[in-house]
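Just so it is clear, none of the values below were taken in a lab; they were calculated from the coordinates. All of these numbers come straight from a predicted model, not from anything done at the bench. Cβ: placed from backbone, ideal geometry, glycine included. Neighbour counts: every protein chain shown.
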């Protein structure tokens, strides 16, 4: 056997030993396994955090809206805004009932100053339908949402819808929560709350608070 052949044989033997040792070596296996599961694990954690925050914020929005519409239910809001015909002014007053005055706003998980409210009436509960806040064709606010206010006389069925953008912290695991795709709220999800009720037969003294 020539010297070159001996070197080749030694090289093959050494390489074979190294491969066998590498196959038996378990050092670093935990790091490799963690690298394989880290991304799905972190994505799952992000999805849980996002959903948890949205549920919390939605419950917060529901509570704030219920506190505001109670005054419509009893007729107090209609009496307080009697004679006012500008929908924007009346809706701003209702939003103040919901969010509190600018000097002392209520504590909320969502940005209450970005809330839009729509108030409609219906002839029956079966005919009641909530307004749609988002125009799916444009991926932003429906231009008519937040501009409608129907004053409710005693015994009227009322549909009040409140909506607000909510930031999307994580959009992993196929959540697809980003409902705003354009405009100032692009990338945000949407929180909505709707209250449907019949107003109480509240007492009216003098002229009707709801001009026809």
Study note, to complete from the structure: For region 127-190 the mean separation of alpha carbon contacts under 8 Å (6+ apart) over residue count, i.e. relative contact order in percent, is 32 percent
**Study point:** Unit Cα scatterers, Debye sum, region 29-198: log10 I(q)/I(0) for q = 0.17 Å⁻¹
**Key:** -1.06
Practice item. At 7 Å along the Cα-to-beta-carbon direction for both residue 184 and residue 109, put a label point, then send me their distance in nm to one decimal. Key: 2.4 nm
Check your understanding: Fully extended, how many nm does the chain gain between residue 127 and residue 88 (0.36 nm per residue separation, minus their Cα-Cα distance)?
Key -> 11.5 nm
Practice item. Report Rg(Cα)/(2.2 N^0.38 Å) for region 67-165, keeping two decimals. Key: 1.10
Check your understanding: What spacing in nm lies between the two simple spin-label points modelled at residue 55 and residue 136, each 7 Å away from Cα in the Cβ direction?
Key -> 2.6 nm
Revision key, fill the gap. Residue 33 and residue 48 label points (each 7 Å along its Cα→Cβ direction) are spaced in nm at 2.0 nm
Study note, to complete from the structure: In region 76-183 the DSSP beta bridges are antiparallel at a rate, in percent to nearest 5, of 90 percent
Exercise for review: List the relative contact order of region 20-166 as a percent without decimals, with contacts defined as Cα pairs under 8 Å and 6+ residues apart.
Suggested key: 25 percent
